[in-house]
Amino acid sequence: MDVGAKPGRTTLVRKLTYLIAMSIDGYIAGPGDEIDVYPTPEAYLGHLASEYPETLPSHGRAGLGVADAPNRLFDTVVMGRATYQPALDLGVTSPYAHLRQYVVSGGLTSPDPAVTVAADPLALVRSLKAEPEGLGIYLAGGATVAGAVYPEIDEVILKLYPIMLGRGVPMISGEFDVTAFERTDVTTFDSGHVILRYNRT
């Protein structure tokens with residue numbers, strides 16, 4: 001089990017990982033929440049499918065040959081309403097059917113029994129991290145939810161794309177709070193894509 005200890009805590013907790021696509025100028029989506037702007041060459045997509053299969057939506061996994069791939073790092077996903085909305089626009093109410101799914105929203109009524117809606121992201125994450133066993137928790141975005149749970153983010157995995165957006169949704173929206181992270185891994189691709197992993201120090 002992937003666990004991490006927090007200062008002042010006496011028990012081990014499950015790790016919360018913010019894994020997010022980002023442009024080289026620091027945006028995770030366009031100003032209108034556009035997420036279809038990121039180029040995904042075959043080699044890069046194949047790497048994501050093999051190393052992070054559970055982070056791929058269920059309705060796209062079959063086409064990548066990982067429909068039945070076991071969860072490697074995560075068994076739970078937490079996302080904001082804006083992150084959930086593109087799936088709903090496609091008529092998909094359970095986009096991560098291979099994970100426990102939580103959507104943070106103050107006004108949404110869950111359209112699917114497999115999706116739990118929670119109003120308080122920080123309380124939700126702390127309750128999930130306190131569970132006695134399981135894999136990690138995948139924070140899929142977006143910026144507002146990430147800002148709300150900022151104190152509980154243990155790891156950041158940046159999927160850095162070789163594009164600039166100029167304007168858009170930042171990686172995180174929250175209070176100014178300088179927090180140190182240590183780089184633990186970097187994977188580069190000929191296409192210019194880079195995957196960076198950081199752990200909170």
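Summary of values
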item: Lone unmet requirement of (1) over 12 Å from the mean Cα position of the chain (by Cα); (2) closer than 21 Å to Pro111 by Cβ for Ala62; result: (2)
item: Residue pairs meeting the criteria (Cβ under 6 Å; at least 6 apart or on separate chains; first among the small types (Gly, Ala, Ser), in the range 93-105; second part of a loop (DSSP other than H, G, I, E, B) and open to solvent by 20 Å² or more (accessible area, probe 1.4 Å)); result: Ser94/Asp112; Ser94/Ala114
item: Residue within the range 62-76 that is touching a strand residue (DSSP E or B) at 6+ places or on another chain (Cβ under 7 Å), under 14 Å from Ala97 (Cβ atoms) and open to solvent by 20 Å² or more (accessible area, probe 1.4 Å) present; result: yes
item: Selection count where residues are part of a loop (DSSP other than H, G, I, E, B) and closer than 23 Å to Val169 by Cβ, scope the range 35-69; result: 9
item: Index of the failed condition, Ser191 passing every other in (1) among the polar types (S, T, N, Q); (2) touching a strand residue (DSSP E or B) at 6+ places or on another chain (Cβ under 8 Å); (3) over 22 Å from Gly80 (Cα atoms); result: (2)
item: Of all residues making up the range 125-158, the number that are touching a Phe, Trp or Tyr at 6+ places or on another chain (Cβ under 6 Å) and either crowded, with 20+ Cβ neighbours inside 10 Å or under 9 Å from Leu16 (Cα atoms) (or both); result: 6
item: Identity of the residue in the range 159-174, assigned to a strand (DSSP E or B) and farther than 18 Å from Glu54 by Cβ, that ends up least open to solvent (accessible area, probe 1.4 Å); result: Tyr161
item: Test: residue in the range 3-24 that is at pLDDT below 95, touching a helix residue (DSSP H, G or I) at 6+ places or on another chain (Cβ under 7 Å) and within 19 Å of Pro170 (Cβ to Cβ); result: no
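Conditions tested, residue by residue: (1) out of contact with any helix residue (DSSP H, G or I) (no Cβ under 6 Å at 6 or more places or on another chain); (2) assigned to a loop (DSSP other than H, G, I, E, B); (3) charged (D, E, K, R).
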{"residue": "Thr83", "(1), (2), (3)": "yes, no, no"}
{"residue": "Thr93", "(1), (2), (3)": "yes, yes, no"}
{"residue": "Ala123", "(1), (2), (3)": "yes, no, no"}
{"residue": "Arg126", "(1), (2), (3)": "yes, no, yes"}
{"residue": "Gly134", "(1), (2), (3)": "yes, yes, no"}
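The values are calculated or read from the model by the stated rules, or taken from the named source; none is laboratory data. On a predicted model such as this, the values are computed, not experimentally measured, just so you know. FYI the Cβ positions are ideal-geometry reconstructions off the backbone, even for glycines, and counts take in every protein chain you see. Ligands, DNA and RNA are excluded from the accessible area calculation, which covers all protein heavy atoms including side chains. Shrake-Rupley method; radii C 1.70, N 1.55, O 1.52, S 1.80 Å.
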